[in-house]
Every structure is written in C-alpha cells, then in structure tokens.
Amino acid sequence: MKTKIFFIVFMIYSIFSIDTYGKKHKSVFIIVDGIPADVVERVNTPAIDEIAARGGYSRAYMGGEVNGITQTPTISAVCYNSLLTSTWVNKHNVWNNSVTDPNYHYWNIFRIAKSQKKNYTTAVFSSWEDNRTKLIGESKADAGNIKVDFFLDGLELDKQNYPKEENSLQIFRIDEKISEAAAVCIREDAPDMMWVYLWYMDTAGHLFGDSDYFDEYLGYAENQVARIWEAVKYREKQHDEEWMIVVTTDHGRKASDGKGHGGQSERERSTWISTNVKPNDYFVHGLPAITDIAVSISRFMDFSIPKDVQYEQEGAPFIGKISIANVKALKTVDKINITWDNYDNSPVEIYLSVANNFKDGGKDEWKKVGTVKAGQKKFVFDASAQQSELYKFSLRGKHNMLPVWAK
C-alpha cells in the first residue's frame with residue numbers, strides 16, 4: 001500500500017514538474033564585431049537566417065539617444081558593455097576600448113546569473129581577453145567576485161602561435177579557434193549561459209571598408225556562427241534542453257566608405273539581432289536596442305534581478321509580454337514631458353528620484369509622482385515644484401519597467 005501511494009505521489013510530482021518547468025533553459029549570445037545591418041541583409045548568411053526563421057530578425061541600434069543624456073559612442077567595448085549591463089555609457093562608464101574605469105554598480109548579466117539561488121554555469125569564448133577580465137570584471141571585488149566556469153581567451157596575446165599576419169589574419173585564425181572551442185564546450189559541457197565574441201569582421205572593415213573582401217569574410221564569420229548553431233541544435237536534439245541563441249553586432253560603420261565608426265550617423269548606429277526564440281510585437285514592429293539583449297536573455301533564463309539594479313536597466317525584453325518601450329523625456333523650463341510606446345492597456349506608475357546614490361553603490365529613494373493608463377503614452381511632470389539638477393524617473397508597467405533621465 002505504501003509503495004502504491006509513493007508511486008502515485010511520484011507520478012503527480014513528475015507531471016507537475018514537467019508541466020511547470022518544462023525543458024532546461026540555456027542561452028548563448030554571439031557578437032560578430034562591426035557588421036552594419038545593410039551588409040548582413042545583403043550577403044548570404046544561411047545560419048543567421050535559419051536562426052531568424054525559428055524566431056525573428058530585426059534591425060536594432062546602438063548609441064543611446066542622439067544628443068541626449070544617454071548618447072553613447074559607437075565604439076566596440078562601449079557597445080559590449082551596453083549589451084552586458086543593459087545601460088548606456090552615462091551609467092556603465094566605459095567610454096572607449098581602454099576600459100579604464102567601468103562602474104560595476106550597474107550589474108552585468110554574468111553577475112546577475114551568478115547571484116541566483118540556483119548554480120548557473122557561465123562561459124566566455126572571446127577573441128579579446130578584456131571582455132572577461134575588464135568588462136565582466138572576473139574576480140574583481142567591486143564586480144562581485146564572480147568566476148566564469150568555462151572560458152577561452154587571451155589568444156591575441158599569444159604572439160608565438162598567432163604571430164602578426166598580412167591583413168591581420170591572425171585575428172581571423174583566433175576567431176576560428178574560438179568558435180570551434182565554443183561549439184565543443186556547448187556539445188560537451190552545455191554551460192547555462194555563454195558569450196562568444198568574434199573580432200575579425202571589425203578588422204576587415206577598418207582595413208577594407210565596404211568591399212568584396214568584407215563580404216567574403218562575412219561568409220567565413222557566418223560559418224563560425226554556424227558551428228555554434230549546430231552545437232546548439234545537437235544539444236536540443238540529444239538532451240532535454242531548450243536554448244536561446246542571439247546573434248548580433250556591436251555597431252555599424254561610416255556610410256562614406258565603411259571603414260570607421262564611433263559617431264552617431266545612422267549607419268554607425270545601425271545594428272541587428274537574430275534570435276531563435278519567438279519575439280514579441282516590440283521586436284517585430286519597433287526598433288530594439290543593444291540594451292534589450294541582456295534583459296531578454298534574463299527573462300528566458302528566469303533570472304531574478306535585484307530591484308535596485310532593475311530600476312537602472314534601459315532594456316525592454318523582446319520576448320514575452322511587455323507594457324512599455326522607447327521611453328523619452330524632454331525638459332522645458334518647468335515641465336518634463338515623458339513619452340513611451342504602449343504594448344498593453346495596463347496602468348503605468350511613474351516614480352521619481354532626484355538623487356543618484358546608486359551610481360556610488362548607495363540606494364535611491366523613489367517617490368511615486370503619478371499613474372496613467374499606458375494608452376495615454378504621456379506624462380507631464382511639474383518640475384517647478386521639485387527643483388533638481390537631475391530627475392531620474394522609473395516607469396513601471398505590468399510586464400516591465402524602464403528608466404528615463406532628465407536634466
């Protein structure tokens with residue numbers, strides 16, 4: 001009798017577990033450096049296209065708001081950190097590739113993953129070591145003392161095995177090694193979250209700009225993406241896993257010749273996202289940003305994010321339900337006009353902080369200053385009643401929240 005009861009309980013628990021939790025979720029995001037959207041749309045990219053066919057493809061942008069508080073240089077490390085932290089440069093403080101003084105109070109997605117109650121394994125396979133050591137800040141006390149479980153990087157420093165070649169092709173050889181090793185790691189170790197960074201396309205752009213050479217090497221970079229994608233499909237087929245893959249770039253290139261980047265021209269800001277997870281209307285009909293990627297992965301992975309961190313994140317998830325996106329603030333003499341795009345009909349609560357203690361590791365005091373229906377898509381704050389050098393607003397809808405600053 002006891003055995004029979006135990007069996008019934010076990011079966012109920014098993015059914016509940018399957019229905020509630022489903023397949024184990026894992027994720028990998030790939031940055032292929034410096035490919036404008038118009039090029040990836042023109043050149044044959046079967047793996048990127050196959051990923052998008054399962055989920056979706058969208059043009060996206062880097063650079064924050066032009067001439068606004070969030071305006072961000074379209075420079076590589078700056079862009080990577082905007083992806084990692086879901087914030088623009090006015091918060092994460094990485095202004096160039098030197099990565100001299102990142103503000104780790106704005107948590108990156110690796111720190112978020114390692115803060116979970118469950119032990120999530122992480123991986124970084126990168127053609128540039130600074131991504132792990134400086135941007136993620138592995139083992140740094142002020143970055144949370146986190147450890148990456150699986151990694152391969154620093155090959156750019158190995159001058160014996162990767163000596164300087166014509167057209168800097170040693171970087172391409174490194175990308176080959178990185179993509180091969182990442183694919184093996186996915187097949188054999190299946191870390192819960194992985195970042196793969198491939199460098200050479202940016203080098204090809206700086207050397208040759210818009211050219212047949214750039215197109216040719218995009219084809220080779222596509223093969224590197226395909227290796228990783230095939231490994232993901234292997235895991236999904238052979239194991240009880242569901243993977244989210246995101247393939248993106250960090251910035252575009254100058255329209256004149258395709259060689260440079262860093263400014264705020266439309267083509268330099270132009271990026272793209274391909275993902276295998278079915279996206280929401282915001283992804284399909286809006287214009288997602290690089291800051292949306294980490295929060296989307298966090299949602300897929302069901303990561304819990306500390307509220308103080310979440311209040312600062314600039315990204316709107318492009319999977320699942322959302323309430324608001326594209327929040328903007330315009331200050332006149334005594335009014336601050338806040339606008340947003342609406343994606344449901346639930347109320348939006350507006351909170352205000354006139355301090356920025358979070359920047360230095362402190363806590364901000366948030367005061368509720370209004371509630372409006374999302375359908376109104378607008379809130380006007382009377383700044384004459386609250387004089388301040390900085391106004392930090394937090395808009396909180398049913399399905400997501402977003403900040404906006406005004407000065």
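Those residues that are touching a residue at least 40 places away in the same chain (Cβ under 8 Å) and not in a helix (DSSP H, G or I), I need them from region 126-152; list them, please.
Once the filter is applied, which keeps residues that are touching a residue at least 40 places away in the same chain (Cβ under 8 Å) and not in a helix (DSSP H, G or I), region 126-152 yields Ser126, Ser127, Trp128, Gly144, Asp149, Phe150.
Quick test for you: out of Tyr57, Tyr80, Tyr106, pick the one residue that is among the aromatic types (Phe, Trp, Tyr), within 28 Å of Phe150 (Cα to Cα) and not in a helix (DSSP H, G or I). Give the derivation first.
Working: Tyr57 fails: within 28 Å of Phe150 (Cα to Cα); Tyr80 fails: not in a helix (DSSP H, G or I).
Of the residues listed, the single one that is among the aromatic types (Phe, Trp, Tyr), within 28 Å of Phe150 (Cα to Cα) and not in a helix (DSSP H, G or I) is Tyr106.
For the list (1) touching a residue at least 60 places away in the same chain (Cβ under 8 Å); (2) more than 20 Å from the chain's Cα centre (by Cα); (3) assigned to a helix (DSSP H, G or I), I need the number of the one condition that Asp210 fails.
The number of the failed condition is (3).
Can you list residue pairs whose Cβ atoms sit under 8 Å apart, with the first residue in region 240-257 being touching a residue at least 24 places away in the same chain (Cβ under 8 Å) and the second being part of a strand (DSSP E or B) and surrounded by fewer than 15 Cβ atoms within 10 Å (Cβ to Cβ)? Count only pairs 6 or more apart in sequence or on different chains.
Partner pairs satisfying both residue conditions: Asp240/Lys24; Glu241/Lys24; Glu242/Lys24.
State which residue pairs qualify: first residue polar (S, T, N, Q) and inside region 298-310, second residue surrounded by fewer than 19 Cβ atoms within 10 Å (Cβ to Cβ) and outside any helix (DSSP H, G or I) in any location, beta carbons under 8 Å apart, and separation of 6 or more residues or different chains.
Sorted first by the residue in region 298-310, then by its partner, the pairs are Ser304/Ser115; Ser304/Gln116; Ser304/Lys117.
Tell me, yes or no, whether region 200-210 has at least one residue that is buried (at least 21 other Cβ atoms within 10 Å of the Cβ) and aliphatic (A, V, I, L, M).
Within region 200-210 (the criterion being buried (at least 21 other Cβ atoms within 10 Å of the Cβ) and aliphatic (A, V, I, L, M)), the answer is yes, since at least one residue qualifies.
Does region 178-198 include one or more residues that are of a type in the set (S, T, N, Q), more than 20 Å from the chain's Cα centre (by Cα) and crowded, with 16+ Cβ neighbours inside 10 Å? Write out each step before concluding.
Within region 178-198, the subset of a type in the set (S, T, N, Q) is 179.
Applying the additional criterion that residues be more than 20 Å from the chain's Cα centre (by Cα) yields none.
Among the residues of region 178-198, not one is of a type in the set (S, T, N, Q), more than 20 Å from the chain's Cα centre (by Cα) and crowded, with 16+ Cβ neighbours inside 10 Å, which makes the answer no.
Give me the residue from region 349-385 that is basic (Lys, Arg) and surrounded by 13 or more Cβ atoms within 10 Å (Cβ to Cβ) and, out of that set, modelled with the lowest pLDDT. Please lay out each step first, then the result.
In the first step, residues of region 349-385 are kept if they are basic (Lys, Arg); the result is 359, 363, 367-368, 373, 377-378.
Those still in the list that are surrounded by 13 or more Cβ atoms within 10 Å (Cβ to Cβ) too: 359, 377.
Working: Lys359: 98, Lys377: 95.
If we take residues in region 349-385 being basic (Lys, Arg) and surrounded by 13 or more Cβ atoms within 10 Å (Cβ to Cβ), then Lys377 is modelled with the lowest pLDDT.
Test Thr74 against the stated conditions and say whether it is in the same structural domain as Glu242 (by TED's automatic domain parsing), crowded, with 16+ Cβ neighbours inside 10 Å, of a type in the set (Val, Ile, Thr) and assigned to a helix (DSSP H, G or I). It would help to see each step written out before you state the result.
Working: in the same structural domain as Glu242 (by TED's automatic domain parsing): yes; crowded, with 16+ Cβ neighbours inside 10 Å: yes; of a type in the set (Val, Ile, Thr): yes; assigned to a helix (DSSP H, G or I): no.
Considered against the rule, which asks whether it is in the same structural domain as Glu242 (by TED's automatic domain parsing), crowded, with 16+ Cβ neighbours inside 10 Å, of a type in the set (Val, Ile, Thr) and assigned to a helix (DSSP H, G or I), Thr74 comes out as no.
Could you please let me know if Ala221 is in contact (Cβ under 8 Å) with a residue 24 or more places away in the chain and within 22 Å of Ala294 (Cα to Cα)? First the steps, then the outcome.
Working: in contact (Cβ under 8 Å) with a residue 24 or more places away in the chain: yes; within 22 Å of Ala294 (Cα to Cα): no.
When the stated conditions are applied, Ala221 does not pass them.
The values are calculated or read from the model by the stated rules, or taken from the named source; none is laboratory data. Bear in mind the structure is a predicted one, so any value in this text is a computation, not a measurement. Positions of Cβ are backbone-derived with ideal geometry, glycine not excepted, and every protein chain shown enters the neighbour counts.
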